[in-house]
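The values are calculated or read from the model by the stated rules, or taken from the named source; none is laboratory data. Fair warning: this is a prediction, and the values are worked out from it, not measured in the lab. Note: ideal-geometry Cβ built from the backbone for every residue, glycine included; neighbour counts use all protein chains shown.
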Amino acid sequence: MTLTITVSGCPAGEHSAHIHENKSCEENGDAAGAHWIPNGEGLGSFTCDDAGQGTHTVKRGTDVWTVGGDPATDVTKYSIVVHAAADPNAGGRIGCGLIELE
């Protein structure tokens, strides 16, 4: 499975993104809850350019992520949060989006 994160309005530089346990971006992203990291595999870091644009693509097997499959691996019930800095010290939440199937 391939997950592509596309962001705009992002401060230039390196950032991290994490899947979070709740499908909510309310309360400035705090309602997204804690990280959801199946099999200990995070999403990694990506770079936003000077125009505030960034794209990050992550591939995982269906034993880790599914779309509408097993509730234990179905990513459509979660959110993605973009953090102010790169891992391992990602810092505050600067963006949030719901995982949707295109």
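Quick notes on this one:
Conditions tested, residue by residue: (1) part of a strand (DSSP E or B); (2) of a type in the set (D, E, K, R); (3) surrounded by fewer than 11 Cβ atoms within 10 Å (Cβ to Cβ); (4) touching a His at 6+ places or on another chain (Cβ under 8 Å).
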position	(1), (2), (3), (4)
52	no, no, no, no
55	yes, no, no, no
62	no, no, no, no
88	no, no, yes, no
97	yes, no, no, no
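- Reported count of residues in the stretch 69-86, each being more than 11 Å from residue 1 (Cβ to Cβ), assigned to a loop (DSSP other than H, G, I, E, B) and of a type outside the set (Phe, Trp, Tyr), is 6.
- Residue count for the stretch 24-41, restricted to those that are surrounded by 15 or more Cβ atoms within 10 Å (Cβ to Cβ), modelled with pLDDT of 95 or more and not in a helix (DSSP H, G or I): 3
- Filtering the stretch 11-63 to residues that are without any contact (Cβ under 8 Å) to a residue 60 or more places away in the chain, hydrophobic (A, V, I, L, M, F, W, C) and touching a Cys at 6+ places or on another chain (Cβ under 6 Å) leaves 12, 48.
- Filter result for residue 79 (buried (at least 19 other Cβ atoms within 10 Å of the Cβ), among the small types (Gly, Ala, Ser), within 16 Å of residue 101 (Cα to Cα) and in contact with a strand residue (DSSP E or B) (Cβ under 7 Å, 6 or more places away or on another chain)): yes
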